[in-house]
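As structure tokens, the structure follows; a few thoughts come after it.
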Amino acid sequence: MTNISSRLGDELKPGFDDAAWVDVLDAVDKTYAELVDYQEQLEARNTELSTLRSFLRSIMTSISDYLVVTDKDGFIADLSQSFCAAIGGDKDALIGRPVVGFFEGEMRDRMSAAMSEVAREKVEQTFEVDLETLNGASPVDFRVAPRLDRRKRISGFILTGRPLGELRQAYRELESSHEELKQAQTQLVRTEKLASLGRLLAGVAHELNNPISFVYANTHSLQKYLDRFESYFEQVQSGASREELVALRAELKLERDLKNLRVAIEGARDGAERVRDIVEDLRRLSAEGSGEVAPFDLTQTAKIGAQWVQRGLKRQMKITVTGESTCMALGRSGHVQQVIMNLVQNAADAMEAIEAPEIQVRLSYEGEMAVMQVCDNGPGVPEDLRAAIFDPFFTTKAVGRGTGLGLSISQKIVEEHGGTLSYVQGISQGACFRLALKRGDQR
Ligand SMILES: Nc1ncnc2c1ncn2[C@@H]1O[C@H](COP(=O)(O)OP(=O)(O)O)[C@@H](O)[C@H]1O
Ligand SMILES: [Mg+2]
């Protein structure tokens, strides 16, 4: 080093001593090292900057909300792809244009006013304006925030906008699907009502058929008797002798007919009374459906309800009603009868594949409550479904066979009565439903 320096020194600057050269070379070394260092820093900054730039670009491209950055005079400095797409312009062509130019009339005034306000107060503003997009004016929820420099002076604005059109559309769609859902629910409720009405009518038809055919057959017999009496009276009128009439009476078996006549009339009356009772039952079911809360006999109501279901069943099954022969409860008996019919119908449905199906209805008093239990020897309800069976629309039955509303409507009716309806463990593996209502007898 010294040699080179001295030689260089000798050649370039005669008289320049070695020590001076060392200083110069040191300085050069130092400067060079600083330069390298600076270069490294610069490169690091460059990488950082380009990462940042591509990060920003990715935001600008993928952000679905609008983002527009302007200078302090409102000229666009940068903007998101979503904004370009909305107004239908090329990014490069839009940069440098005044942002207010994309709003019209009153909307433009509102945007300008907001920007002036932000410039003055240095606090952000939020408002709704219509933006002129490719698809016409579209409502946008805009937020204008100040861009401040290091000395807290306004250097521009940052506008972010959320298009409300889509949001509103989504709302509308949500609302309409909600509406459809409500309609479908109403339809299902109607279906359940019609289904129970259908079952009831099947029972009614079956039950009316018996006494009516009875009455019908008896009128046939009456017709026959009438024919015979007529021919006898014709003889009487034509002045037949006593002997002739006695003989005719025996021939026509009028004595026996007279007795049968009475039986036929009694039979017809029985039949008619049965029809009247059925109609009475039905009338009570519909009239008391909306009736007043009053004491009624739960045992009697259970018997009638069970009978109605039984009559509508294709396959007969044993239904026994045991316990209190009179079990007074407080409520609307028509409504409670519907609950009973739902429970009995469910039990019957569950036992379609059971060999010796049996439904037991038990009435009892438990303290202040009148209690009815409807138990069957079907498969019961699996433990994991017990919480769900009272949910509206929960059904394990095939489409068209169950609406899943029976138990939820029943529970609603019972709760309106201040009572409870619950699933309890039966004696065997079958299902057991327990209905408890306030007692209806004075104690
Ligand atoms: N006695 C019962 N035995 C077994 N499962 C029952 C019984 N009662 C009700 N369930 C279950 O509860 C579900 C809901 O009953 P419900 O609300 O009356 O509607 P649906 O009868 O239309 O299915 C039935 O689908 C069935 O799975
Ligand atoms: Mg049901």
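Worth a mention:
- Every residue from segment 334-347 that is more than 12 Å from ligand 1 (Cβ to nearest atom) and open to solvent by less than 20 Å² (accessible area, probe 1.4 Å): 334, 336, 337, 340
- Number of residues in segment 88-110 that are β-branched (Val, Ile, Thr) and outside any helix (DSSP H, G or I) equals 1.
- Search result, residues across segment 314-352 that are of a type in the set (Gly, Ala, Ser) and either more than 32 Å from the chain's Cα centre (by Cα) or farther than 24 Å from residue 429 by Cβ (or both): 323, 325, 329, 331, 333, 334
- Pairs, first in contact (Cβ under 8 Å) with a residue 60 or more places away in the chain in segment 349-363, second more than 12 Å from ligand 1 (Cβ to nearest atom) and part of a helix (DSSP H, G or I), C-beta under 9 Å, six or more apart: 363/298; 363/299; 363/302
- Condition broken by residue 360, with the remaining ones in (1) open to solvent by less than 60 Å² (accessible area, probe 1.4 Å); (2) more than 16 Å from ligand 2 (Cβ to nearest atom); (3) in contact with a strand residue (DSSP E or B) (Cβ under 9 Å, 6 or more places away or on another chain) satisfied: (1)
- Residue match in segment 191-213 (condition: outside any helix (DSSP H, G or I) and in contact (Cβ under 8 Å) with a residue 24 or more places away in the chain): no
- From the list 145, 137, the one residue that fits, being of a type in the set (Gly, Ala, Ser) and open to solvent by 40 Å² or more (accessible area, probe 1.4 Å), is 137.
- Pair list, Cβ under 7 Å, 6 or more apart: segment 322-342 residue within 17 Å of residue 360 (Cβ to Cβ), other residue at pLDDT below 90 and outside any helix (DSSP H, G or I): none
- Verdict on residue 70 being among the polar types (S, T, N, Q) and modelled with pLDDT of 90 or more: yes
- Residues within segment 348-357 that are open to solvent by 60 Å² or more (accessible area, probe 1.4 Å) and within 16 Å of ligand 2 (Cβ to nearest atom), tallied: 1
- Selection of segment 394-419 for residues being in a loop (DSSP other than H, G, I, E, B), out of contact with any Gly (no Cβ under 6 Å at 6 or more places or on another chain) and either near ligand 1 (Cβ under 10 Å from one of its atoms) or open to solvent by 20 Å² or more (accessible area, probe 1.4 Å) (or both) yields 396, 397, 398, 399, 400, 401, 402, 403, 404, 405, 418.
- Long-range neighbours under 8 Å by Cβ, at least six apart or interchain, first residue within 17 Å of residue 215 (Cα to Cα) within segment 247-264, second assigned to a helix (DSSP H, G or I): 260/221; 260/225; 261/222; 261/225; 264/218; 264/221; 264/222; 264/225
The values are calculated or read from the model by the stated rules, or taken from the named source; none is laboratory data. All figures in this text were calculated on a predicted structure; none of them were measured in a lab. Here the Cβ is made from the backbone with ideal geometry for all residues, glycine too, and neighbour counts use every protein chain on show. Areas reflect the complete protein model, heavy atoms only, side chains present, ligands, DNA and RNA absent. Shrake-Rupley method; radii C 1.70, N 1.55, O 1.52, S 1.80 Å.
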